[in-house]
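What follows is a short report on a single structure.
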Amino acid sequence: MRPVSLLQARYVLPAFVLYRLYVNHPLEDIQELISKCLNNDRVGQEKLYRRFYPALFLLCRKFFTDENDALEALNDGMLRVFKYIKQYDESKGQFFNWVYTIVRNAALDKLKNNNTYASVEVTDLVIAGNDNPLEALEWKDIYTLLHVLPPGTRAVCVLYYIEGLAINEICRQLQLSAGTVKWHLSETRSKLKPVLLRYHSK
């Protein structure tokens with residue numbers, strides 16, 4: 001298998017792979033950067049930001065078509081990381097996962113502040129857990145397909161099909177009813193169906 005360059009990886013690989021490529025290298029220990037950030041060391045904060053930027057920007061791009069919106073969400077999230085870094089508890093998980101969750105929540109908050117989500121109810125829709133319309137697609141194609149979806153539907157699609165969150169967790173994260181989440185998932189399948197048909201007919 002031909003090696004993937006870091007530049008290529010930024011566009012085609014999921015965040016956990018980018019984490020291994022960008023974070024697990026010997027330039028500077030993550031724990032050392034955390035210690036610097038705990039002391040409000042600006043250089044340490046910048047190094048940590050740059051270290052995590054590729055994976056976290058890719059995360060935010062899942063939710064936003066506009067790169068500026070994605071960058072704004074990323075920056076909001078990293079400001080929260082630096083503000084609350086003293087609350088990080090190593091015994092509860094890896095530092096990157098903690099940062100990832102904070103930045104993802106910042107992206108979702110930005111969407112909520114933009115009144116992104118439709119208030120609709122679907123009570124009888126059954127979502128098959130193993131029926132993923134994005135399954136077996138290349139990552140670069142998934143990001144292209146996400147642009148077809150309205151922002152609210154796109155966010156629910158990302159959380160359910162890509163991030164792997166359960167419907168009740170999505171409801172909690174977005175403060176939506178289960179019926180509204182299911183409606184967005186139904187919209188995902190409806191809007192992606194003709195696009196996927198063209199994709200598979202190539």
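The values are calculated or read from the model by the stated rules, or taken from the named source; none is laboratory data. On a predicted model such as this, the values are computed, not experimentally measured, just so you know. Ideal geometry is used to build each Cβ from the backbone, glycine not excepted, and the neighbour counts take in all protein chains shown.
Counting only residues that are small (G, A, S) and more than 14 Å from the chain's Cα centre (by Cα), the range 45-88 holds 0 of them.
Across the range 154-202, the number of residues qualifying as under 20 Å from the mean Cα position of the chain (by Cα), among the basic types (K, R) and either modelled with pLDDT under 90 or crowded, with 19+ Cβ neighbours inside 10 Å (or both) comes to 3. If I filter the range 113-129 for residues that are at pLDDT below 90, over 20 Å from S186 (Cα atoms) and either of a type outside the set (D, E) or assigned by TED's automatic domain parsing to the domain that holds V81 (or both), do I get at least one hit? Yes, the conditions are met somewhere in the range 113-129. The residues on offer are E46, E67, and the sole one that is free of Cβ contacts under 8 Å to residues at least 12 places away in the same chain, touching a Lys or Arg at 6+ places or on another chain (Cβ under 8 Å) and not assigned by TED's automatic domain parsing to the domain that holds C171 is E67.
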